[in-house]
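Read the figures in this text as sums done on the coordinates, not as results from a lab. Remember, predicted model here, so these are calculated numbers, not experimental data. When we count neighbours, we look across all protein chains shown, and the Cβ atoms used for this are built from the backbone with ideal geometry, even at glycine.
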Amino acid sequence: MDIGHVHLNVSDLDRSIAFYRDALALEVMLRMPKIAFLSYDSYHHHVALDSRVASEPGSLKHQGLHHFALRHETRSELAASVRRAQAAGVPISRTADFYVLEAVFINDPDGNGIELSWDRPREEWPEDWATPSGLGTPRPLNLEELLATTSVHM
């Protein structure tokens, strides 16, 4: 398992894109009206910049960490992590299939978001993954099917 990406809530998307692009040399992989995905190579994203929180009227949410992703090497490792979290009494806040990866979201005791994820092999990514209909719009994830996944290396 490693750190897959960081998802940040930002107040000014254009300003944040300019900073991460110009100061840190990240490339914009996908830009939508209120969210952008940036990478330092051809990976789907290492940093997500999200201005949706700033646009919610009366929002008590703050700028900063939205979540960070713990990327698992295999789908069975992801399933094992989710089962372990559930056994520890950690509720699942949401799940998503982002076409290039599967994700299960939980929160730590202070409410910080954690995405438990597994990347599909690159050859399985759809051609249009860097579009709003690809990476930007998730499909439902069948959690029961994921949890039934076991390792073939027993």
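A few remarks follow.
- 21 Å tail of the calculated P(r), region 2-147, as % of Cα pairs: 44
- Summed residue charge, Cβ within 14 Å of Asn142's Cβ, Lys/Arg positive, Asp/Glu negative: -1
- For the chain, adding -39500 (n - 2.57) for each run of n ≥ 4 DSSP H residues and dividing by the number of residues yields -4000 deg cm²/dmol at 222 nm.
- Here is the list for region 1-89: chymotrypsin sites (Phe, Trp or Tyr not before Pro) lying in DSSP coil, each with at most 13 other C-beta atoms within 10 angstrom of its C-beta, are Tyr40.
- Net lengthening on full extension, Leu141/Tyr40 (0.36 nm per residue, minus Cα-Cα): 33.6 nm
- Residue exposure sequence - Trp125, Trp118 - by fewest surrounding Cβ within 10 Å: Trp125, Trp118
- Once both labels are positioned 7 Å from their Cα atoms along Cα-to-Cβ, the gap between Phe105 and Ile3 label points is 2.0 nm.
- Counting neighbouring Cβ atoms within 10 Å and putting the fewest first, the residues Leu143, Leu49, Leu135 line up as Leu143, Leu135, Leu49.
- Alpha-carbon centroid distance for the pair region 1-52 / region 76-90, whole angstrom: 28
- Acute angle (nearest 10 degrees) that the helix 75-87 long axis makes with the longest principal axis of the chain, alpha-carbon atoms: 90
- Among Ala103, Ala130, Ala25, the largest mean-square fluctuation in a Gaussian network model of the chain, built with springs joining Cα atoms closer than 10 Å, belongs to Ala25.
- Unit charges on C-beta of K, R, D, E only; dipole of the chain, Debye: 320
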